[in-house]
Amino acid sequence: MMINYKTIEYRDKMAEQYNRKIHDLLAELPQYCSDYELYARKKNSIKTRVEYLTDITNFFRYLVSVNPMVKAPKDVTTDILEKLNGFDWDQYMDWLSNYKFDKKDETEKIKTNTNASKKRKMMAIRSLYHFLYVRDYIACNPTEKAELPTVKNKKRGDIAILEDEQCRLFLAEIDKKYDEAREYLETAPKDEQTKKDKLRPYLALRDKAIVYMILGTGLRVSELCAINCANISYQLSYINVYRKGDGDSKETTDEVYLSDEVMGILLDYINIARDQIGANEENYDALFLSSLHRRMTPRAIELMVKEYADKALGTDNNVHPHTLRATFGTRYYRKWKDISATSTVMNHSGIEITAQYYVKEDAKAKMKVQELKVLEDEV
């Protein structure tokens, strides 16, 4: 399959930002952490390495705050790390529940962590300790004495999706803004439109294209943000998407096909709205553009989806872009009852993930229990 290099340019930009972040974090840490980062490149993606180093840096800052003999993260020696015990880990887990680094700074917000977040942060620290142990920086691995918080796996019924009526209300709000925008563009005199008015209807066309794209393909929001105009095959109705691969450090280019409905809405956005919104020089080929003429970010799409969901479903709705992706996966499975195909279109690393998160049990199947007799009548 031919890789589209314009998409890779975008990924390279992201990699450049991550590398700068890694450089800044390592500047605050001891040399052995730089050795660890080099070691981690073989196993982890650059995004994961940034997240791990961020958690490790915060852990070292915690050690500075509780150990008067340590003045800065750079002063945390492997001897200090090796001497930590089970009680130290208990204290660290408790500290993560409610903390800030400078207690005297009233402007610093108090941070909290769920058990899932605590466990994730501890996994980053364990990764560092594993490296230090296998590379003989330390003689033992004290993280083995750390008890990780209990995190309940989500049940299939707990995975948020839009059921049919919710989806109808949500899309009705999207379509309402879209129809208002089309009518405004066709009827409003150009000389009466303010600069803000001129842009708003085009953004409504963009919003509909984004929502229908996720609901119609199951794309991850990060994958959608990375799409360039050059990635679209108009004749064959598919998009070359640079997406997450099977392993944490692998990424692949994939052909994601669009229905006639989704392609039609996308073409409306491209032909009517995209050039009017306008792209700056750095984002000239980005498919979805913000009002600031830059490539849309996952956070911007999250806020956009929330705004429409709040109006359609009330503010207590918990609808995110991943909700739309999960809705696609669930509806795809319900229609074809093919878990392998569902796993493929969702770009999951294995069928077990699909089964856990997207295949919902049929309520009618449970109700059939009422029709079952303990002993069938004789014929």
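Just so it is clear, none of the values below were taken in a lab; they were calculated from the coordinates. Predicted model only: the values in this text are computed from it and were never measured. Counting neighbours? That spans all protein chains shown, and the Cβs are built from the backbone with ideal geometry, glycine included.
A few comments on the model shown:
- Within segment 270-306, backbone nitrogen closer than 17 Å to the virtual label 7 Å beyond the Cα of Arg200 toward Cβ: 277, 291-292, 304
- Per-residue extension of 0.36 nm, minus the Cα-Cα distance of Ser65 and Lys152, leaves a gain of 28.2 nm for this segment.
- Segment 306-337: trypsin sites (Lys or Arg not before Pro) in DSSP loop, at most 14 other beta carbons within 10 Å: Lys337
- In plain terms, the chain from His23 to Arg334 could stretch by 107.3 nm, reckoned as 0.36 nm per residue minus the Cα-Cα distance.
- Counting lysine pairs in segment 156-363 that sit 8 or more residues apart in sequence, or on different chains, and whose Cα atoms lie under 20 Å apart gives 19.
- Rounded FRET efficiency, nearest 0.05, which uses the C-beta distance separating Asp285 from Ala341 and R0 of 30 Å: 0.40
- With a Förster radius of 35 Å applied to the C-beta separation of Ile110 and Ala172, the computed FRET efficiency comes to 0.30.
- Applying the criteria of a DSSP loop state and at most 13 other Cβ atoms within 10 Å to the trypsin sites (Lys or Arg not before Pro) of segment 30-90 yields Arg41, Lys42, Lys43, Lys71, Lys83.
- Linear extension gain, Thr54 paired with Ser117, 0.36 nm per residue minus alpha-carbon span: 21.4 nm
- Per-peptide packing, taken as the mean over residues of other Cβ atoms within 10 Å, places 167-179, 13-25 in the sequence 167-179, 13-25 from highest down.
- Modelled this way, with points 7 Å down the Cα-to-C-beta line, the labels at Ala230 and Asp179 are 4.0 nm from one another.
- In whole angstrom, segment 9-145 maps to an equivalent ellipsoid with semi-axes of 23, 20, 15, each derived as √(5λ) from the alpha carbon gyration tensor and ordered largest first.
- Sorted by Cβ density within 10 Å, fewest first, the residues Phe101, Phe131, Phe288, Phe87: Phe87, Phe101, Phe131, Phe288
- Measuring between alpha carbons in the structure, the pairs from Lys13/Lys47; Lys119/Lys145; Lys100/Lys152; Lys83/Lys119 lying more than 19 angstrom apart are Lys100/Lys152; Lys83/Lys119.
- Pairwise label distance in nanometres, His130 with Glu255, each label 7 Å out on the Cα-Cβ vector: 3.7 nm
- Per-selection metrics, segment 68-152 (Cα): Rg and Dmax in Å: 14.3, 42
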